[in-house]
Amino acid sequence: MRRALLPGRRSTFGTRRWFLWALLVVLIAAVLTMLVWLAGRYEESQVQDRLDRDATDAVSDLRSALVRNVESLQALHSRNPVHRDRWALDAAGLLHEHRELLRIEWRDTALVTLAQFDTGFRAPVFDRLGRNNAQPDVLLACTNARRASGPAYAPSYFVPQNEGLGLEVMELCVPLTTGGALTGYLVATYSLNDVLTELIGKQLGRGQDVSFTEADGTRLAFHGVSRRGNRAFTASQLLDLPGLTMVLRLDSWRVTPDLFPNVLTAMVVAMTIALASVLVLLARDMRKRQRAEQRLAEALAFRKAMEDSLVTGLRARDLHGHTTYVNPAFCQMVGFSARELLGPAAAPYWPTELAGEYQQRQAIRLRGNSPPREGFESVFMRKDGSRFPVLIIEAPLIDAYGVQTGWMSAFLDISEQRRVEEMSRASQERLQATARLATVGEMASLLSHELNQPLAAISSYATGSINMLQDRKQSESDLHLEEAMRQIAEQAQRAGKVIKSVHDFVRRREHAREAVDPQAVLDAIMPLVSLQARKLGVRIDLRLEDHLPQALCDRTMVEQVLLNLTRNAMQAMDQPTIVDRALVVQVKRAASNERTSHIHGWLEFSVADAGLGITPEVANQLFTPFFTTKSEGMGLGLSLCRTVIEQHGGFLEFGPNLPQGTVFRFTLPVASASQAAKRI
Ligand code: ADP
């Protein structure tokens with residue numbers, strides 16, 4: 001599983017993320033501001049272009065209107081000769097049609113007024129100051145006209161009116177010719193304001209003002225509402241007439257607030273707001289996500305720590321039996337790595353001999369059969385091949401939607417538990433055996449006490465009989481009888497000694513150790529051994545090394561040990577299949593070892609048979625009290641033998657007797673010269 005992020009690294013990531021977010025916000029804000037600005041600029045340029053176009057159109061309209069007016073004025077003199085009355089009538093009509101004209105004069109070549117007519121739309125303009133005041137302008141216009149041989153204008157001038165008002169007017173002079181000769185002039189006075197109103201004003205929009213200005217910007221005439229908005233667009237166009245140059249200026253006033261000048265800008269702004277809102281929402285979502293991620297990471301780290309510290313093995317399988325998850329405890333338990341365990345349906349930790357059975361168990365599980373809730377025991381195999389018992393608790397694996405996706409199993413290695421159980425069982429058995437041994441000891445002690453009397457009686461009766469036989473004259477048969485009686489007395493005494501030894505042994509008294517000739521020990525048991533050997537058809541082979549030293553031992557007990565070993569050996573050969581039944585009893589010096597170097601040496605007694613040998617199962621329990629394979633056996637012999645030998649400081653062991661059978665060996669310490677001389 002992934003490692004949880006270190007706090008330092010986490011904060012670095014956090015700072016970087018915040019920096020990126022801030023950069024994104026700044027960039028988006030910059031882009032959007034630029035978009036809004038560009039949209040505004042675009043809109044402004046559109047307005048400006050339109051205004052420029054309007055100004056150009058206005059100038060061209062004005063020019064053609066003025067040309068048309070000149071033609072209308074010339075038309076007054078189209079008939080020849082011109083009657084004054086008729087002229088006045090035509091001039092009045094013309095003035096009526098063209099409000100921009102204030103006055104029309106017919107002058108002769110010396111600029112003397114021959115006829116004149118004022119517009120009827122307003123009071124005569126020159127009444128206040130007199131027409132002569134304007135004579136220089138008229139002269140200038142007519143001079144220009146004469147020079148150009150065509151209509152010409154004079155620069156405009158201001159004519160004051162009543163109540164502080166006034167008019168900006170300009171003079172037009174059209175030369176009149178007849179047959180190429182100048183015959184006079186037609187002087188027309190234009191009101192600049194009316195020129196704007198009549199000739200241009202009608203085509204202008206509501207938000208537009210139009211004015212005539214001089215080249216230096218001085219305003220001469222104005223037409224419009226003179227509204228003020230927060231934004232003005234201006235287009236100027238030069239009006240170049242013969243003798244007069246003016247600037248026509250168009251102003252477009254934006255009275256509406258400029259924030260959303262048009263749909264495009266409005267849309268861009270709306271998009272900006274939407275984008276900003278989305279950004280805010282995204283940022284919030286991101287923060288939530290981050291918190292959720294952090295919580296998730298913490299939960300994952302906690303889960304991982306928990307899984308890693310568990311001693312219970314965990315394994316998840318999908319519905320096809322494929323292993324999808326194992327925890328470290330499980331890997332450790334079976335000795336396989338997680339990579340080796342994940343995937344396949346058959347597990348490498350199934351013991352080879354049980355794999356089939358486990359496969360069936362898995363198939364049953366996959367069919368949906370629930371295992372017992374308290375779990376069940378099974379055996380798994382480690383990677384090194386060793387088997388160990390496990391307790392398995394399985395449960396269905398249910399996902400967040402309540403659907404079963406597989407099986408979850410928990411494993412407990414119960415080898416330790418088993419070992420403890422085994423130990424407690426063994427100690428229980430030992431306890432029982434000890435109790436039984438104590439009972440046997442009591443019985444032996446009781447028996448030895450009870451048997452002593454009859455044995456003593458047998459012995460004294462035998463001795464008495466011998467005495468009686470010796471007193472009379474003995475025949476051949478009497479001699480045999482006497483010998484038998486002696487044997488009876490001897491064996492009775494021996495039985496008495498055995499009983500005493502056992503009694504001492506059971507009572508754990510200090511045993512009487514004496515220096516004994518190995519030959520003497522063998523001689524003592526041979527009559528009994530030979531008796532059984534004859535019965536079972538066993539050949540006895542005694543092998544004693546020459547010049548053997550004496551052994552220091554409890555003679556009777558050692559005789560019992562030898563008797564027990566030889567009896568076991570002969571019984572082991574009591575098999576119909578065994579033809580050559582040889583019992584080899586051997587006594588030799590044993591090599592002394594470090595541990596026992598203070599001893600003068602060791603004698604090794606061995607009893608070898610050619611029986612069927614000892615199986616490993618029997619070998620494991622051979623010295624366990626009450627273990628026997630015989631129907632009439634007690635199972636105490638070997639256990640007692642070992643105790644006796646170990647009490648002497650020696651050891652009792654066994655091994656195979658090649659080619660067939662078993663050999664039991666035990667050692668006894670060699671008696672020193674002084675010990676040999678006296679009983680200790
Ligand atoms: P018992 O003779 O009463 O059975 P022991 O303690 O003398 O008790 O022997 C225990 C078991 O050891 C015997 O039952 C027998 O199975 C096995 N055993 C002892 N000696 C030999 C042997 N020489 N060969 C094969 N098995 C033997």
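The values are calculated or read from the model by the stated rules, or taken from the named source; none is laboratory data. Computed from a predicted model, the values in this text were never measured in an experiment. Here the Cβ positions follow ideal geometry from the backbone for every residue, glycine too, while neighbour counts run over all protein chains shown.
For residues that are buried (at least 18 other Cβ atoms within 10 Å of the Cβ) and farther than 21 Å from Met170 by Cα, tally how many sit in the range 64-81.
1
Quick one: would you say Gln519 is modelled with pLDDT under 90, polar (S, T, N, Q) and not in a strand (DSSP E or B)?
On the way: modelled with pLDDT under 90: no; polar (S, T, N, Q): yes; not in a strand (DSSP E or B): yes.
Criteria not met by Gln519.
Among the residues in the range 558-579, are any among the basic types (Lys, Arg) and within 14 Å of the ligand (Cβ to nearest atom)?
yes
Working only within the range 337-352, note down all residues that are in contact with a helix residue (DSSP H, G or I) (Cβ under 9 Å, 6 or more places away or on another chain) and assigned to a loop (DSSP other than H, G, I, E, B).
Step one: of the range 337-352, the residues in contact with a helix residue (DSSP H, G or I) (Cβ under 9 Å, 6 or more places away or on another chain) are 337-338, 340-341, 345-351.
Result: Ser337, Ala345, Ala346, Ala347, Pro348, Tyr349, Trp350, Pro351.
Residue-wise test of (1) surrounded by 13 or more Cβ atoms within 10 Å (Cβ to Cβ); (2) touching a helix residue (DSSP H, G or I) at 6+ places or on another chain (Cβ under 9 Å); (3) without any contact (Cβ under 8 Å) to a residue 24 or more places away in the chain.
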| site | (1), (2), (3) |
| --- | --- |
| Leu455 | yes, yes, no |
| Ala462 | yes, yes, no |
| Leu469 | yes, yes, yes |
| Ser477 | no, no, yes |
| Leu481 | yes, yes, yes |
| Met485 | yes, yes, yes |
| Ile488 | yes, yes, no |
| Arg494 | yes, yes, no |
| Lys497 | yes, yes, no |
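Being touching a residue at least 40 places away in the same chain (Cβ under 8 Å), surrounded by 12 or more Cβ atoms within 10 Å (Cβ to Cβ) and either under 23 Å from Gln417 (Cβ atoms) or acidic (Asp, Glu) (or both) is the requirement here; does Val379 meet it?
No.
Please go through the range 350-393 and pick out each residue that is more than 30 Å from the chain's Cα centre (by Cα) and of a type in the set (Val, Ile, Thr).
The answer is Thr352, Ile364, Val379.
With respect to Arg365, is the statement that it is modelled with pLDDT of 85 or more, charged (D, E, K, R) and in a helix (DSSP H, G or I) true? Give the steps one after another, and end with the answer.
Working: modelled with pLDDT of 85 or more: no; charged (D, E, K, R): yes; in a helix (DSSP H, G or I): yes.
So Arg365 fails the test.
Each row is one residue, and each column tells you yes or no for (1) part of a loop (DSSP other than H, G, I, E, B); (2) modelled with pLDDT of 90 or more; (3) touching a Cys at 6+ places or on another chain (Cβ under 6 Å).
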site	(1), (2), (3)
Ser78	yes, no, no
Arg86	no, no, no
Ala92	no, yes, no
Leu102	no, yes, no
Leu114	no, no, no
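Could you tell me whether Met526 is more than 12 Å from the ligand (Cβ to nearest atom), outside any loop (DSSP other than H, G, I, E, B), under 30 Å from Ser631 (Cα atoms) and free of Cβ contacts under 8 Å to residues at least 24 places away in the same chain?
Working: more than 12 Å from the ligand (Cβ to nearest atom): yes; outside any loop (DSSP other than H, G, I, E, B): yes; under 30 Å from Ser631 (Cα atoms): yes; free of Cβ contacts under 8 Å to residues at least 24 places away in the same chain: yes.
Against the criterion (more than 12 Å from the ligand (Cβ to nearest atom), outside any loop (DSSP other than H, G, I, E, B), under 30 Å from Ser631 (Cα atoms) and free of Cβ contacts under 8 Å to residues at least 24 places away in the same chain), Met526 qualifies.
Within the range 655-664, track down each residue that is in contact (Cβ under 8 Å) with a residue 24 or more places away in the chain and surrounded by fewer than 20 Cβ atoms within 10 Å (Cβ to Cβ). Write out each step before concluding.
To start, the set of residues in the range 655-664 that are in contact (Cβ under 8 Å) with a residue 24 or more places away in the chain comprises 656-657, 660-664.
Residues satisfying the conditions are Pro656, Gln660, Val663.
Contact list please: Cβ distance under 6 Å, first residue in the range 601-629 and in contact (Cβ under 8 Å) with a residue 40 or more places away in the chain, second residue near the ligand (Cβ under 10 Å from one of its atoms) and assigned to a helix (DSSP H, G or I), pairs at least six apart or on different chains.
Pairs that qualify, where the first residue is in contact (Cβ under 8 Å) with a residue 40 or more places away in the chain and the partner is near the ligand (Cβ under 10 Å from one of its atoms) and assigned to a helix (DSSP H, G or I), are Val607/Leu565; Val607/Thr566; Val607/Ala569; Asp609/Ala569; Asp609/Ala572; Gly611/Ala572; Pro625/Ser639.
For the range 157-202, which strands (runs of 3 or more DSSP E) that fit wholly inside it have 2 or more residues that are closer than 16 Å to Ala75 by Cα? Explain how you work it out, then say what you get.
Working: elements: 157-160, 166-178, 181-191.
By residue number, 166-178, 181-191.
Report, by residue number, each residue of the range 539-566 that is among the basic types (Lys, Arg) and crowded, with 17+ Cβ neighbours inside 10 Å.
Restricting attention to the range 539-566, the residues satisfying the condition of being among the basic types (Lys, Arg) are 539, 543, 555.
Passing the criteria: only Arg555.
Considering only the range 537-550, I want to know if a residue exists there that is of a type in the set (A, V, I, L, M, F, W, C), at pLDDT 90 or above and within 16 Å of the ligand (Cβ to nearest atom).
yes
Residues are listed down the side, and each one gets a yes or a no for (1) within 11 Å of the ligand (Cβ to nearest atom); (2) modelled with pLDDT of 85 or more; (3) of a type outside the set (A, V, I, L, M, F, W, C):
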site	(1), (2), (3)
Gly613	yes, yes, yes
Phe626	yes, no, no
Cys641	yes, yes, no
Val644	no, yes, no
Phe654	yes, yes, no
Pro659	no, yes, yes
Thr662	yes, yes, yes
Thr667	no, yes, yes
Ala677	no, no, no
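On the basis of being buried (at least 20 other Cβ atoms within 10 Å of the Cβ), of a type in the set (Gly, Ala, Ser) and within 8 Å of the ligand (Cβ to nearest atom), does Ala608 make the cut?
Numbers: buried (at least 20 other Cβ atoms within 10 Å of the Cβ): yes; of a type in the set (Gly, Ala, Ser): yes; within 8 Å of the ligand (Cβ to nearest atom): no.
It is false that Ala608 is buried (at least 20 other Cβ atoms within 10 Å of the Cβ), of a type in the set (Gly, Ala, Ser) and within 8 Å of the ligand (Cβ to nearest atom).
Considering each of Arg147, Arg103, Arg99 in turn, give the residue that is without any contact (Cβ under 8 Å) to a residue 40 or more places away in the chain and either within 21 Å of Asn193 (Cα to Cα) or surrounded by fewer than 18 Cβ atoms within 10 Å (Cβ to Cβ) (or both).
Working: Arg103 fails: without any contact (Cβ under 8 Å) to a residue 40 or more places away in the chain; Arg99 fails: without any contact (Cβ under 8 Å) to a residue 40 or more places away in the chain.
The unique qualifying residue is Arg147.
Over 30 Å from Val138 (Cα atoms), buried (at least 16 other Cβ atoms within 10 Å of the Cβ) and not aromatic (Phe, Trp, Tyr), is that true of Val268? Reasoning before the result, please.
Values: over 30 Å from Val138 (Cα atoms): yes; buried (at least 16 other Cβ atoms within 10 Å of the Cβ): yes; not aromatic (Phe, Trp, Tyr): yes.
It is true that Val268 is over 30 Å from Val138 (Cα atoms), buried (at least 16 other Cβ atoms within 10 Å of the Cβ) and not aromatic (Phe, Trp, Tyr).
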